[in-house]
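Nothing in this text is a laboratory measurement; each read-out follows from the coordinates by a stated rule. Because the structure is a prediction, the values reported are computed rather than measured. All Cβ positions, glycine included, derive from the backbone under ideal geometry; neighbour counts span all protein chains shown.
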Amino acid sequence: MESLKGHFLVASPHLLDPNFVRTVVLLMHHNEEGAFGVVLNRPTENTIKELWERVGETPCEVDGRVHLGGPVSGPLMAVHTNASLAEMEIVPGVYFAAQRDHLAGLLKQQGHEFRFFVGHSGWGSGQLENELKQGAWFTAPASSELVFSNEEDMWRKLTQQIGRNLLAEMLKLDRLPPDPSLN
């Protein structure tokens, strides 16, 4: 089994599970025992500042929306670009943090991109592989640029990119123009 750590799971248009309709999940862990990730494109109404005032002990210098990482509850987590405050690197330049001191450090610094999450997405042994076989998810390599892109059109952009790549592969095209109707 090839690990999909550092890949996006992009919900198929046919995936009707309300937790995952039109979502993009960043996989942070994947092996034969299961998989773990966060939904990147589900901002909540809650702000980081409001949440941190309830759980943190240090000031919060930044703000933004907290994202719903998935249906499984767990600690507050962040995906970010500051290597010095990371527990692990997901893809080059994109890191994961859940330790309180790392999260507090992220909230004191300007100039680094980040997303904070409550909840996560998890799959038991073989569960994700079965969903992939059933066509519930598309996969694509993650990048820092895409992880921190606009969440409102993230799903659409990634499904279009995956569709172009699949079409080019099926038609054995080396290059497929962005809009084939213009040919």
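Run down LEU15, LEU27, LEU9, LEU4 and say which single residue is buried (at least 21 other Cβ atoms within 10 Å of the Cβ), touching a Lys or Arg at 6+ places or on another chain (Cβ under 9 Å) and not β-branched (Val, Ile, Thr).
Numbers: LEU15 fails: buried (at least 21 other Cβ atoms within 10 Å of the Cβ); LEU9 fails: touching a Lys or Arg at 6+ places or on another chain (Cβ under 9 Å); LEU4 fails: touching a Lys or Arg at 6+ places or on another chain (Cβ under 9 Å).
Within the list LEU15, LEU27, LEU9, LEU4, the selection yields LEU27.
Does ALA98 satisfy the criteria of being out of contact with any Asp or Glu (no Cβ under 9 Å at 6 or more places or on another chain), under 23 Å from HIS30 (Cβ atoms), among the small types (Gly, Ala, Ser) and touching a residue at least 12 places away in the same chain (Cβ under 8 Å)? It would help to see each step written out before you state the result.
Working: out of contact with any Asp or Glu (no Cβ under 9 Å at 6 or more places or on another chain): no; under 23 Å from HIS30 (Cβ atoms): yes; among the small types (Gly, Ala, Ser): yes; touching a residue at least 12 places away in the same chain (Cβ under 8 Å): yes.
No; evaluated as a whole, the condition is false for this residue.
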